[in-house]
Each structure stands twice: as C-alpha cells, then as structure tokens.
Amino acid sequence: MIRIDVLTLFTEMFDSPLAFSIIKRAKQNGLVEIVLSNIRDFAKDSYKKVDDKSYGGGAGMVMMCQPVLDCLEYVQKSTFAKATADKQDSRPARIILLTPQGKKFDQRLAKELAAEQRIILIAGHYEGFDERIRISAGAEEVSIGDYVLSGGELPAMVIIDAVVRLLPGALGDEDSAANDSFSDGLLEYPQYTRPEDFNGLKVPDVLLSGNHKEIEKWRKQQALEKTKKNRPDLFNKSKNSD
Ligand code: 6GU
C-alpha cells in the first residue's frame, strides 16, 4: 500500500480522473490510498488568503509559505487509514513540488516513486511558490515537460497515473507494463487488431504467421524505426543507435 497525498487549492479537479479505470481499481484493491487536502483550509485570515504579490515586483501572485507549510505539516502527521501501523517502514515521504522549474518527470522517476511508501504532491496555482516552501519542506521540484500549465493539478494527476499503473497488481496483465514505451528506452511497436483488412489497409503478414520469433524480430525493428523517426533523442541514447 502506497499513500499519495495531494495538496491543492482545487481538490474537485481530481474527482473524475481518479474515479476510473486502473486508478479506480487500484484504490478498490487497496494498492493505493489517495488523500486530497485543500491548502485554503489552512489559511489564517478571514479572507482565506493563500497568495500574495511577488517581492521585487512583477505580474502574478505567489503562493504564501504559511498555508502550504501548515497543510503539509498536518498531512505528514496523519497516518494511513487502511494499512496497519506495523506494516509501515520509517522512510520519510517523498515531497514533490510541482513547478515548471522542476526536473523533468519520466518513466525512471515514475518507477522510483512507485517503490516509495509515501508521496506528497504539492500543486500550486498562480505564478509559483515562495522559494522558502521548497527549502522548509525539503521538497524536490518536478515538471512534466517544457510547456507552461495553469497549475500543478494536471501534472499531479499525470504523476499519480504513471505511478499507480506500475504498482504490482495494478494492471490486469502482469507483463504489460514491461512492454510499455520507454521501459527499454524505445517507443512501443505498432499494434493491430481485427479486422485483418480495414479499407484496404492490411495487417502485416508476419503478425498473422504465428511465428513468434519472426514477430518479435519485426516488433523490435518497428520499435527502432518509430523511435528514430519520432524521438531521435531517445534513439541516440539507446544501445541500438550504433
Ligand atoms: Cl509541474 N506546473 C506547471 N504550472 N506547468 C507545468 C508543469 C508543472 N510541468 C510542465 N508544465
């Protein structure tokens, strides 16, 4: 059982994405517990203020230290609802601040996080976080790619999805995660299903041959070609580029 906490101003944004398919099943089967906490509940003034102007000037508001760090402290003190205390080890939670300034999320980090017992994702809105949040929390900064989103909520959902599907037992078919794109540094090979002929576009003969060795060879070749064409950066890093 892994516990994933999300600290956000918009808990409702998570309702639907976490209620379907693999994540829904993983929750039902007790593989993951996902707890949403609203940072605004920890605001101290009567306006429930959580953001303020940036020192030094400039457009946009910045998430304030106090509400975020009080919310984090509360969440860190709370314990597992389902898992029994004796099953918990003493590893500290991975605390992740979602920001476009972070290191880039990838399949390797997803695997690393899937092996943790506890992850705390902090999703900000507005122009960013007061730097002292990162420092005080001992948080690592993570981004999901080189583009700017309105907040950390969608990135948090992306990370949850990528991590939960890696939990043992989350996928029906045990080895389908091993064949995924990126698991061997290459994109996945093209796939076909019925019918054999769709508007004159035929399924490659080799896939109908029943010759597993030839099929495997073809798939490897196709994976290499697709990676070379769509992701030359990955191709050049793979051991197949020479
Ligand atoms: Cl983690 N946050 C925001 N606001 N934008 C992003 C991102 C995160 N990752 C990519 N773009």
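The values are calculated or read from the model by the stated rules, or taken from the named source; none is laboratory data. Because the structure is predicted, anything quoted here is derived from the model rather than measured. So basically every Cβ, Gly included, is an ideal-geometry build from the backbone, and we count neighbours across all protein chains shown. Please note that ligands, DNA and RNA were not included when accessible areas were found on the heavy atoms of the full protein model with its side chains. Shrake-Rupley method; radii C 1.70, N 1.55, O 1.52, S 1.80 Å.
A compact table of results
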| item | result |
| --- | --- |
| Peptide ranges 124-132, 215-223, 94-102 listed from the most packed, as the mean C-beta count within 10 angstrom indicates | 94-102, 124-132, 215-223 |
| Probe 1.4 Å, accessible area per residue of the chain, Å² | 60 Å² |
| Peptides ranked, highest mean first, by Cβ atoms within 10 Å: ranges 179-191, 3-15 | 3-15, 179-191 |
| Under 19 Å from K237, Cα to Cα: aspartates and glutamates that are on another chain or at least 8 residues apart | D106, D180, D184, E188, E225 |
| Residues of type aspartates and glutamates that K213 reaches as a straight line, Cα spacing below 15 Å, ignoring anything fewer than 8 places off in the same chain | D205 |
| Extreme residue, positive dipole direction of the chain, given options F129, L201, G56 (C-beta unit charges) | L201 |
| Residue-by-residue Karplus 3J(HN,Hα) for segment 156-167, coefficients 6.51, -1.76, 1.60, Hz, glycine and proline x | 4, 5, 4, 5, 4, 4, 5, 7, 4, 5, 8, 5 |
| Lysines whose Cα lies under 19 Å from that of K53, excluding same-chain neighbours fewer than 8 positions away | K44 |
| Dipole in debye (nearest 20) - the chain, about Cα centre, beta carbon charges: Lys, Arg +1; Asp, Glu -1 | 240 debye |
| Relative contact order computed over the chain (Cα-Cα under 8 Å; 6+ residues apart), in percent | 20 percent |
| Whole-percent carbon and sulfur share, accessible surface of segment 109-242, 1.4 Å | 49 percent |
| Euclidean distance between Cα centres, segment 23-61 to segment 181-201, Å | 40 Å |
| Listed peptides 50-63, 27-40 by packing density, highest first (mean Cβ within 10 Å) | 27-40, 50-63 |
| Over 29 Å (Cα to Cα) - which of K27/K48; K24/K202; K24/K226; K27/K104; K27/K220 fall in this group | K27/K48; K24/K202; K24/K226; K27/K220 |
